Amino acid sequence: MVTSAIADIGDVVSWVESIEQFVGRLYTSAAKAFANDKPFSKFLAGLAEDEQSHAEFMSMVSAYLREKEKRCILDIALDRKTRDRVETPLKKFEEHLAGKSISKRRVVEYMARAESSELNPVFLYIVGKFGEMNREAERMTAEIQSHLSRIQDYINILSQDLKPSIDVGTLPAVWEEKFLVVDDHEPLRELVFSLLSRRGTVEAVAGGGYGLEMVREHFYNGIVSDIEMPGMDGFEFYRQAVECDPKLKKHFLFYSADITPEREAYMKKNKLHFLRKPFALGEFMDTIDQLLQQ
């Protein structure tokens with residue numbers, strides 16, 4: 001165990017990775033302990049998957065540092081007191097899970113304390129240090145925000161006697177939803193841009209080729225695309241984007257005035273959201289909300 005303050009980037013990344021793995025194991029154990037409460041167990045299992053993803057990102061950073069042979073001192077140092085504030089509640093959580101029983105209220109309390117500790121700010125600080133890993137850093141920041149939002153949404157539906165003493169809702173947002181609009185028809189592109197601006201930040205381009213360049217460089221929560229476009233059409237854009245990142249499958253919304261049976265079959269087969277033009281503005285925003293909730 002390191003007793004002194006750590007400021008070397010590699011050491012800090014290793015510590016964060018180990019903590020993320022530890023939290024993931026705790027959530028997995030808690031999910032098993034509450035197997036009879038299926039909604040709660042499923043929720044905890046989802047959090048465990050999130051933590052594994054966070055640990056994998058830290059592992060990626062470590063590999064990057066080794067490849068570049070980078071060693072640098074951070075602007076901050078993780079002193080023993082700070083690390084204890086993160087580690088001690090987690091160890092108590094582990095002890096309670098190892099006991100004969102643990103209440104749902106106590107699990108929720110430990111979860112809230114873990115998520116409101118210094119761990120997330122340090123994690124995001126490391127993410128921000130690596131502009132060279134731009135797209136992955138953006139994706140991970142978006143995942144952290146989704147992780148926190150899912151926890152808050154779950155806490156909101158709990159009865160008062162189960163709510164934690166810490167208000168997770170007061171934690172600052174770390175990411176604003178980000179959208180890409182791909183359409184060669186400027187009036188509709190600008191309209192969609194304006195609508196999506198109510199949900200987050202938006203970027204817009206006039207064709208599939210430009211769209212592909214953007215998704216290779218940046219992460220988007222939602223990608224709204226016309227199907228029929230000169231050069232690279234919407235489907236080819238989709239196929240190449242998914243080759244770049246398979247997780248993008250759930251992020252697309254297509255629209256077209258000419259949705260043939262073949263096109264409809266393709267979109268249904270790939271479980272893609274789509275709208276026929278002309279579409280109602282309310283329907284469009286409802287579909288965007290469904291896409292984000294995924």
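Is at least one residue of the range 162-178 within 30 Å of residue 233 (Cβ to Cβ) and assigned to a strand (DSSP E or B)? Checking the range 162-178: at least one residue is within 30 Å of residue 233 (Cβ to Cβ) and assigned to a strand (DSSP E or B).
For beta carbons closer than 6 Å, sequence separation of 6+ or different chains, a first residue in the range 34-56 that is under 12 Å from residue 150 (Cα atoms) and a second that is in a helix (DSSP H, G or I) and of a type in the set (A, V, I, L, M, F, W, C), the qualifying pairs are 44/30; 44/31. Pairs are defined by a Cβ separation below 9 Å, a sequence spacing of at least 6 or placement on different chains, a first member in the range 12-29 that is over 18 Å from residue 108 (Cα atoms), and a second member that is among the hydroxyl-bearing types (Ser, Thr, Tyr); the pairs so defined are 12/125; 13/59; 13/62; 14/62; 17/59; 17/62. Quick check on residue 208: is it surrounded by fewer than 16 Cβ atoms within 10 Å (Cβ to Cβ), under 30 Å from residue 60 (Cα atoms) and not β-branched (Val, Ile, Thr)? So residue 208 fails the test. Residues in the range 167-188 that are more than 21 Å from the chain's Cα centre (by Cα) and open to solvent by less than 40 Å² (accessible area, probe 1.4 Å): 3 in all. Here 158, 191 are screened, and the one residue that is hydrophobic (A, V, I, L, M, F, W, C) and either open to solvent by 50 Å² or more (accessible area, probe 1.4 Å) or at positive phi (or both) is 191.
Give me the residue from the range 273-294 that is free of Cβ contacts under 8 Å to residues at least 60 places away in the same chain and crowded, with 17+ Cβ neighbours inside 10 Å and, out of that set, farthest from the chain's Cα centre (by Cα). If we take residues in the range 273-294 being free of Cβ contacts under 8 Å to residues at least 60 places away in the same chain and crowded, with 17+ Cβ neighbours inside 10 Å, then 274 is farthest from the chain's Cα centre (by Cα). Counting only strands (runs of 3 or more DSSP E) that sit wholly inside the range 181-294, those with at least 1 residues that are in contact with a Ser or Thr (Cβ under 7 Å, 6 or more places away or on another chain) are 222-226, 252-256, 273-276. Restricted to the range 1-37, and to residues there that are open to solvent by 70 Å² or more (accessible area, probe 1.4 Å) and not in a loop (DSSP other than H, G, I, E, B), the residue that is modelled with the lowest pLDDT is 11.
When the range 223-268 is limited to residues that are over 17 Å from residue 279 (Cβ atoms) and in contact with a Lys or Arg (Cβ under 7 Å, 6 or more places away or on another chain), the one that is most open to solvent (accessible area, probe 1.4 Å) turns out to be 244. For the range 70-88, a tally of residues being assigned to a helix (DSSP H, G or I) and either in contact with a strand residue (DSSP E or B) (Cβ under 7 Å, 6 or more places away or on another chain) or open to solvent by 90 Å² or more (accessible area, probe 1.4 Å) (or both) returns 2. Per the listing 136, 95, 67, the residue uniquely part of a helix (DSSP H, G or I) and either in contact (Cβ under 8 Å) with a residue 24 or more places away in the chain or of a type in the set (Gly, Ala, Ser) (or both) is 136. In the range 38-51, the condition of being out of contact with any Ser or Thr (no Cβ under 6 Å at 6 or more places or on another chain), open to solvent by less than 30 Å² (accessible area, probe 1.4 Å), under 17 Å from residue 110 (Cα atoms) and of a type in the set (Gly, Ala, Ser) is met by at least one residue.
No other residue among 91, 104 is open to solvent by 20 Å² or more (accessible area, probe 1.4 Å) and in contact with a Leu (Cβ under 9 Å, 6 or more places away or on another chain) apart from 104. Contact map, the range 220-242: residues that are free of Cβ contacts under 8 Å to residues at least 24 places away in the same chain paired with residues that are assigned to a helix (DSSP H, G or I) and open to solvent by less than 10 Å² (accessible area, probe 1.4 Å), Cβ distance under 8 Å, separation 6+ or inter-chain. Pairs shown: 242/248.
The values are calculated or read from the model by the stated rules, or taken from the named source; none is laboratory data. Everything numeric in this text was worked out from a predicted model, so none of it was measured. A quick note on method: Cβ atoms are made from the backbone with ideal geometry, for glycine too, and the neighbour counts reach across all protein chains shown. Calculation scope for accessible area: heavy atoms of the full protein, side chains included, ligands and nucleic acids excluded. Shrake-Rupley method; radii C 1.70, N 1.55, O 1.52, S 1.80 Å.
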